[in-house]
1. Determine which member of the set A:161, A:223, A:178 is at pLDDT 80 or above, within 28 Å of residue A:28 (Cα to Cα) and under 20 Å from the mean Cα position of the chain (by Cα).
2. Answer yes or no as to whether residue B:109 is more than 22 Å from residue B:71 (Cα to Cα), surrounded by fewer than 21 Cβ atoms within 10 Å (Cβ to Cβ), within 12 Å of chain A (Cβ to nearest Cβ) and touching a helix residue (DSSP H, G or I) at 6+ places or on another chain (Cβ under 9 Å).
3. Go through region B:137-182 and give me each residue that's without any contact (Cβ under 8 Å) to a residue 40 or more places away in the chain, within 22 Å of residue B:47 (Cβ to Cβ) and at the interface with chain A (Cβ under 8 Å from one of its Cβ atoms).
4. Find the helices (runs of 4 or more DSSP H) located wholly in region A:172-273 whose residues include 2 or more that are within 13 Å of another protein chain (Cβ to nearest Cβ) and in contact with a helix residue (DSSP H, G or I) (Cβ under 8 Å, 6 or more places away or on another chain), and list them.
5. Does at least one position in region A:53-67 carry a residue that is surrounded by fewer than 22 Cβ atoms within 10 Å (Cβ to Cβ), facing chain B (nearest Cβ under 10 Å) and either modelled with pLDDT of 90 or more or not in a helix (DSSP H, G or I) (or both)?
6. Taking residue A:252 and the conditions (1) free of Cβ contacts under 8 Å to residues at least 40 places away in the same chain; (2) surrounded by 19 or more Cβ atoms within 10 Å (Cβ to Cβ), which numbered condition does it fall short on, given that it satisfies the others?
7. Looking only at region B:190-209, count how many residues are closer than 24 Å to residue A:244 by Cα and within 7 Å of chain A (Cβ to nearest Cβ).
8. Residue B:216: in a helix (DSSP H, G or I), farther than 22 Å from residue A:11 by Cα and either at pLDDT below 85 or more than 9 Å from chain A (Cβ to nearest Cβ) (or both), yes or no?
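The values are calculated or read from the model by the stated rules, or taken from the named source; none is laboratory data. Just so we're clear, the structure is a prediction, and the values are computed from it rather than from any experiment. Positions of Cβ are backbone-derived with ideal geometry, glycine not excepted, and every protein chain shown enters the neighbour counts.
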């Protein structure tokens, strides 16, 4: 009980509505005004999870989607049922916060280069089993059309280079863990979203990612694995970007502010306040 | 003592000797002497229902529309919701919500009708693609489901004021924290939206291109998101201090001045609708739902 109430200090209660508004406004701007093929609607959720804990993060995610759907002004089309996914994302972010994944870890020399290489390898290692999953390569079950396969490899390579570059340029080992947290969150989100999308909306969401669903269906995947294939393609990319955005935001906030949140001390470690 | 002066002043405005304009029929509430704008109770056949009742109806509709497979679930929700919209007199405003479903409905119809896995009963062909009967059925059902869900959401948000809903939840003991989070989030969104517009215009004035190729739009994210996120996070500290100064974390319940009418009939209806919809979904999943 103390564990729970510690996650909801007044400061966290103030942060949650702002995080919800960031999720909705940024998500709406990126998806509708800038018309980009990513979501970016979980920055606030991950921020609260990392600063306050799993339950606060899950609550932020769930409320974000419910308010987005039910509030009279905004009225999101199909976002409501994905409240479950958003809750899971926030819960995971809380676990990352307790494991101090987003703590800055300055390093230099060989250690830094090793971490950069390790991060690039991890990105590739995570991508290969997804691509080699029999559900997508076995022609009897289904299979990606070849361009999806190529695109995935190209994107994985770009992400690997960016992550490695980020670690090297910022001289910070944390980039490795931030990337891992983003990719894992993305994969989990994809697995949670696929059944929701398949059951509620016939496997599509009414956005640009539906082209991918259509391509997978044409390749012969069934409703569920087409949605999962689309999710495993979009979500790890989206959540890795989000994860790095949160890391950059946390780095830009003063230690004095961060230290007052429930998980602030874990986040800061020995960083001067 | 200044504190008691404040107490007198506030009790003077709230419990004035003369009840402020008790409109006829406002019997029990006028006795408390609250001014009319605090007491405003929604009128109309459906609007006058307790907000929680309307919320339970909306959630149950969503549950049945998505959870009961086949035709019965979505169709019955669609009929019930349309009837409620007519009674509540909001059917005209529903058009906006129906139009908003066009992208997903188009996507559902195209992807499922033409690319339904394993379907062989071809209806007609367009180039290399064939529309199938199985796919078309699935597409129509999914469309009805999305429409039914969108209408249930629309009817709830058109007939229920957010403040009423939150006040009612607080009366029932949800605690001021949840009420504050939801209420504050809903009020922050338009403020942040207008801030986003200001930021985009300010950056455009400095020569940022927010239209054009994907690469240009991608480069627009950072100058937009940066000031927005940091600007709003800077407010956390001030708001925390402001709330603490107003006894936000005091260990007592806050007195809720607004109470909305509720009755045993409505309570029974909430349980009936809520449990009924869960039972219908369970029956449908177990394959024992009697209708197609």
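1. Going through A:161, A:223, A:178 in turn, the sole match is A:178.
2. Here the answer is no, as residue B:109 does not meet what is asked.
3. If the condition is that a residue be without any contact (Cβ under 8 Å) to a residue 40 or more places away in the chain, within 22 Å of residue B:47 (Cβ to Cβ) and at the interface with chain A (Cβ under 8 Å from one of its Cβ atoms), then B:157, B:162, B:182 are the ones that fit.
4. Numbers: elements: A:174-201, A:210-218, A:223-252, A:255-258, A:264-268.
Here the list reads A:174-201, A:210-218, A:223-252, A:255-258.
5. Yes, region A:53-67 contains a residue that is surrounded by fewer than 22 Cβ atoms within 10 Å (Cβ to Cβ), facing chain B (nearest Cβ under 10 Å) and either modelled with pLDDT of 90 or more or not in a helix (DSSP H, G or I) (or both).
6. Among (1) free of Cβ contacts under 8 Å to residues at least 40 places away in the same chain; (2) surrounded by 19 or more Cβ atoms within 10 Å (Cβ to Cβ), the lone unmet condition for residue A:252 is (2).
7. Within region B:190-209, residues that are closer than 24 Å to residue A:244 by Cα and within 7 Å of chain A (Cβ to nearest Cβ) number 3.
8. So residue B:216 passes the test.
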